[in-house]
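A.B. asks: One structure follows; several queries about it will come next.
Laboratory data are not the source of any read-out in this text; all were calculated from the coordinates shown. Everything quoted here is computed from the prediction, not taken from an experiment. Cβ: placed from backbone, ideal geometry, glycine included. Neighbour counts: every protein chain shown.
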Amino acid sequence: MARINPEFTDELKKYGAFDANACYNCGNCTAVCTLSTEENSFPRKMVRYSVLGLDDEIESSLDPWLCYYCGECSTTCPREADPGELMMSLRRWLISKYDWTGLSGLLYRSIAFSITAFLVLAALVIGFGAFKRFNVESVMHYGHLFEMAAISLVFLFILLPNIIHMWWLTVHKKGIKTPLSAYFTSLGELFVHMFTQKRTLGCDDNQVRWFEHFILVLGYLGLLFTTVFLDWFSTQSMFVIILGYVESAVIFVVTFDFVRRRIQKDKEISKHSHPSDWFFVIWLFLMGLTAFVVRIFIDTDILNNNIWIYLVHMIILVQWALLIVPFGKWTHFLYRSFAMYFEHILQKSMLNTKSSE
Ligand code: SF4
Ligand code: SF4
C-alpha cells in the first residue's frame, strides 16, 4: 500500500512556491501540456501525488525531469496553483533525495546555510592567497591544480554516486527487467539530450530559450576545456587565447540576459526565482566575466600588480565548483539528461517485455 506523508506539501514549500490546496483537479494543465499522453496525465499526476503526499511515488518518478518548464500549465491554471513551479520544486526536492551527502537539501532549504558556505569558501581562497604571500605565479599554479582536482573529485565522489542513486530509485526499484543491451543502445539519448537539450523544443514558444541554453552549454563546456586542459591563463597560443575570450564572452552575455529576464519577470518561467536560481545565473555570469578580465590583465601585463582579480575569479570558481555544480542547479543539466536516458531504457524494456509475452 502506498505510504502517505501528510507533511509533504509543507516540506515542498521549502523547495519553492506552490499552494497545493489550490488545485481542484480540473485538468486544464494536462490539456495544454505537450508532454501529456493518454497514459501519463502530465503534470496533473505529479500535482495529485504532491497533494496526497505520495513522496515514494514521486521519488521513483522521472516525470519532473521530463518537464522543461515552459510555464503554459501555470498560465492556464484557473486556481493559480502554479503546476509549472511545482515541477520545478519537485526537481529541487529530488536533487536533495539523490544526494548522499545531504548538502543539497540544506543548501536548498536554508539561505543562511548557503551564504555561510559561500563565505567560508571565499575566506579559504583569500587565506590561501595570503599563505602564498599573494604571489601571482604560485596562486595561479595552485588555482589550475584545483580546477583539475575539483572536476575529477566532484564527479567521482559526489555526482557519480548520486546518479547511481537516481538510477536505483527510478529504474531498479521499479522492478522492470532491463536488458543490459538497452543501456548501450540508449546511450545516444543521453548525449543528445546532454548537449542539445532538444526536449526544450517540445514546449511552444521556446526556440529562443533553447538556442540560448544550447550556446551556453557549448560556451561553458568549451571554457572548461580551454582553461583546464588547454591552460588558457598560461598559454601563448593565439588561437587558444581568442577561443577562451569568445567562450567567456558567450557565457557572460547569455547569462546577463537570463539575469535580466529574472529581474523583469516578463515570462511565466521567470516569475519565481528560488535563491538557487539566482546563485546559478549570477555565478555563471561572474565566472565568464572574471575569466575574461583575468585574461585581459594577463595580456596587458598588469596581473602581477592586480592579483585581486584572480582571487575574485578563484572565489567564484571555487564556490561554483564545490557548491553549485555538485549540489545546486547545475545538477539539472546532468539529472535531466540521465532522466531522458533512463526513460528511454525503461520504455525499451517494457516494449521488449510486451513483445515477448
Ligand atoms: S494544477 Fe490548476 S490546472 Fe492543473 S488540475 Fe489543478 S487546478 Fe487544474
Ligand atoms: S511547464 Fe510546460 S512542460 Fe512542464 S508540466 Fe507545465 S506545460 Fe508541461
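A.B. asks: Output the 0 to 90 degree angle, nearest 10, between the alpha-carbon long axis of helix 331-356 and the longest principal axis computed from the alpha carbons of the chain.
C.D. replies: Helix 331-356 and the main axis of the chain meet at about 40 degrees.
A.B. asks: Now for a separate question. Using only Cα positions of the range 8-98, each an equal point scatterer, no hydration layer, compute I(q)/I(0) via Debye at q = 0.11, 0.24 Å⁻¹ and quote the log10 values to two decimals.
C.D. replies: Log10 of I(q)/I(0), two decimals: -0.24, -1.31.
A.B. asks: Also: About its Cα centre, what dipole magnitude does the range 262-346 give when the only charges are +1 on Lys and Arg Cβ and -1 on Asp and Glu Cβ, stated in debye to the nearest 20?
C.D. replies: 240 debye
A.B. asks: Treating the beta-carbon of each Lys and Arg as +1 and of each Asp and Glu as -1, no other charges, what is the dipole magnitude of the chain about its Cα centre, to the nearest 20 debye? Spell out each step's value before the answer.
C.D. replies: Values: 30 positive and 32 negative charges, 62 e Å.
The calculated dipole for the chain is roughly 300 debye.
A.B. asks: Further, regarding this structure: How high is the relative contact order of the chain? Use alpha-carbon pairs under 8 Å, at least six apart in sequence, and give a whole percent.
C.D. replies: Computed over the chain, the figure is 22 percent.
A.B. asks: Same structure again: Going by Cα centres, the range 305-344 and the range 102-155 are how many Å apart?
C.D. replies: 12 Å
A.B. asks: Describe numerically, in nm with one decimal, the distance between label points set 7 Å from Cα along Cα→Cβ at ARG260 and at LYS354.
C.D. replies: 4.7 nm
A.B. asks: Could you pull out the chymotrypsin sites (Phe, Trp or Tyr not before Pro) across the range 1-69 that fall in loop regions by DSSP (anything but H, G, I, E, B) with no more than 12 other Cβ atoms inside 10 Å? Provide the component values of the computation, followed by the final result.
C.D. replies: Details: sites: PHE8, TYR15, PHE18, TYR24, TYR49, TRP65, TYR68, TYR69; in loops: TYR15, PHE18, TYR24, TYR68, TYR69.
Here the sparse-neighbourhood loop sites are TYR24.
A.B. asks: Hand me the GluC sites (Glu not before Pro) from the range 1-58 located in a DSSP loop with no more than 15 other Cβ atoms within 10 Å, in residue order please. Let's see the in-between values first.
C.D. replies: Details: sites: GLU7, GLU11, GLU38, GLU39, GLU57; in loops: GLU7, GLU38, GLU39.
Here the GluC sites (Glu not before Pro) that fit, given the DSSP loop and packing criteria, are GLU7, GLU38, GLU39.
A.B. asks: Just list whichever of LYS14/LYS97; LYS174/LYS329; LYS174/LYS198; LYS45/LYS271; LYS173/LYS329; LYS265/LYS329 have alpha carbons separated by over 21 Å in the model shown.
C.D. replies: Exceeds cut-off: LYS174/LYS329; LYS174/LYS198; LYS45/LYS271; LYS173/LYS329.
A.B. asks: So what's the angle, to the nearest 10 degrees on a 0 to 90 scale, between helix 275-299 and the longest Cα principal axis of the chain?
C.D. replies: 30 degrees
A.B. asks: List, in order, the whole-Hz ³J(HN,Hα) value for each residue of the range 59-65 obtained from phi through the Karplus relation with A = 6.51, B = -1.76, C = 1.60 and θ = phi - 60°; use x for Gly and Pro.
C.D. replies: 4, 8, 9, 9, 3, x, 7
A.B. asks: What residue among THR226, THR30, THR235 has the largest mean-square fluctuation in a Gaussian network model of the chain, using Cα springs under 10 Å?
C.D. replies: THR235
A.B. asks: Which residue fluctuates the most in the chain, going by a Gaussian network model with Cα springs under 10 Å, if the choices are ILE298, ILE315, ILE163?
C.D. replies: ILE298
A.B. asks: What lysines does LYS177 reach when the alpha-carbon gap must be under 22 Å and sequence neighbours fewer than 8 apart in one chain are set aside?
C.D. replies: The reachable lysines, counting only those whose Cα sits under 22 Å from LYS177, are LYS348, LYS354.
A.B. asks: Determine the calculated [θ] at 222 nm for the chain from helices alone, applying -39500 (n - 2.57) to every DSSP H run no shorter than 4 residues and normalising by the residue count; nearest 500 deg cm²/dmol. Let's see the in-between values first.
C.D. replies: Numbers: 18 runs with 237 residues, N = 357.
So the calculated ellipticity at 222 nm is -21000 deg cm²/dmol.
A.B. asks: Here's something else I'd like to know. Any number yet on Rg/Rh for the chain, C-alpha, Kirkwood? Walk me through the numbers on the way to the answer.
C.D. replies: Working: Rg = 21.8 Å, Rh = 21.9 Å.
Checking Rg against Rh, the ratio lands at 1.00.
A.B. asks: With a cap of 13 neighbouring Cβ atoms within 10 Å, and only residues DSSP puts in a loop, list the trypsin sites (Lys or Arg not before Pro) found in the range 135-217.
C.D. replies: Here the trypsin sites (Lys or Arg not before Pro) that fit, given the DSSP loop and packing criteria, are LYS177.
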